[in-house]
1. Can you list the residues, at least 5 places off or on another chain, whose amide H is less than 5 Å from the amide H of Ile37, using H built in the peptide plane?
2. Can you give me the P(r) profile for segment 9-89? Cα pairs, bins 10 angstrom wide beginning at 0, each as a whole percent.
3. At a 1.4 Å probe radius, which order do Thr133, Thr56 fall into by accessible area, largest first?
4. With an 8 Å Cα cut-off and a minimum separation of 6 or more residues, compute the relative contact order for segment 5-207 in percent.
5. Suppose R0 equals 25 Å; then what is the FRET efficiency for Glu60 and Ala114 from their Cβ-Cβ distance, rounded to the nearest 0.05?
6. Rounded to the nearest 10 Å², what accessible area does Lys204 have for a 1.4 Å probe in the complete protein model?
7. Could you tell me what percent of the accessible area of segment 5-207 is made up of carbon and sulfur, with a 1.4 Å probe and every protein chain present?
8. Over what distance in Å are the Cα centres of segment 177-202 and segment 30-72 separated?
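The values are calculated or read from the model by the stated rules, or taken from the named source; none is laboratory data. Not measured: the values here are computed from a predicted model. Note: ideal-geometry Cβ built from the backbone for every residue, glycine included; neighbour counts use all protein chains shown. What goes into the accessible areas is simple: the full protein's heavy atoms, side chains included, and nothing from ligands, DNA or RNA. Shrake-Rupley method; radii C 1.70, N 1.55, O 1.52, S 1.80 Å.
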Amino acid sequence: MARGFFITFEGGEGAGKTTQIRRLEARLGATGREVVITREPGGSPGAEAIRALLVTGDAERWSPMTETLLMYAARRDHIERVIAPALARGAVVLCDRFADSTRAYQGAGGGAPAEFIGALEAAVLGGVRPDLTLILDLPADMGLARAAGRGGSEARFESKGAAFHSRLRAAFLAIAEAEPDRCVLIDATRDEATVGAAVWSWVKSRLGPP
Ligand code: TMP
């Protein structure tokens, strides 16, 4: 069976993931490979419906454990209906956030137990694990300022306070350190083109020839 390549983008708020995914899509498209762009929470109709529950409303709307369960319900639907079929076709899948965001936001940020999240990863992800995770790193206050400039109604997590967001950054750095074969840390304080060049060079080196 064909096996595609699964790339996830991670990081705090306002790190530029969405912009970088679009840039990478353009570069990968020119190689003739099928590229699928998707996001979490969301990416399938069912998961997008769950996303609406997660990213809108009051900061304390859900407990960290409930949030984790909702994220994993959305993730399972997304895997079954979008990610696994695309990988089976041989596509390159670019996903804006995935399981590391749950470890960081609900785990390190919110205090959901790491064993609980680990058990869900084992039970729900199956064999669908990222081949490469690009972590866009920048100070929390810089990212929040960028995200605030963007506006919009999906600001529930942005409203969680400075201490929460500092814990996220530390969590992503710890994930990068713990899993160096999968994760690459990219300095996202630099301009868009420089970050894009770093992203492309890592992807090229890991993906190999078409
Ligand atoms: P986005 O702004 O990158 O589209 O992501 C939506 C929000 O959802 C963002 O604030 C991070 C949050 N999130 C989690 O808290 N846990 C998760 O597992 C995922 C995928 C996202």
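1. Leu94
2. Result, from short to long distances: 16, 39, 34, 9, 1 percent.
3. Values: Thr133 0, Thr56 45 Å².
Order by accessible area, largest first: Thr56, Thr133.
4. On the way: 303 pairs, mean separation 69.3, N = 203.
Worked out over segment 5-207, it gives 34 percent.
5. Working: r = 22 Å, r/R0 = 0.86.
Here the calculated transfer efficiency is 0.70.
6. It works out to around 110 Å².
7. It is 56 percent, rounded to a whole number.
8. 23
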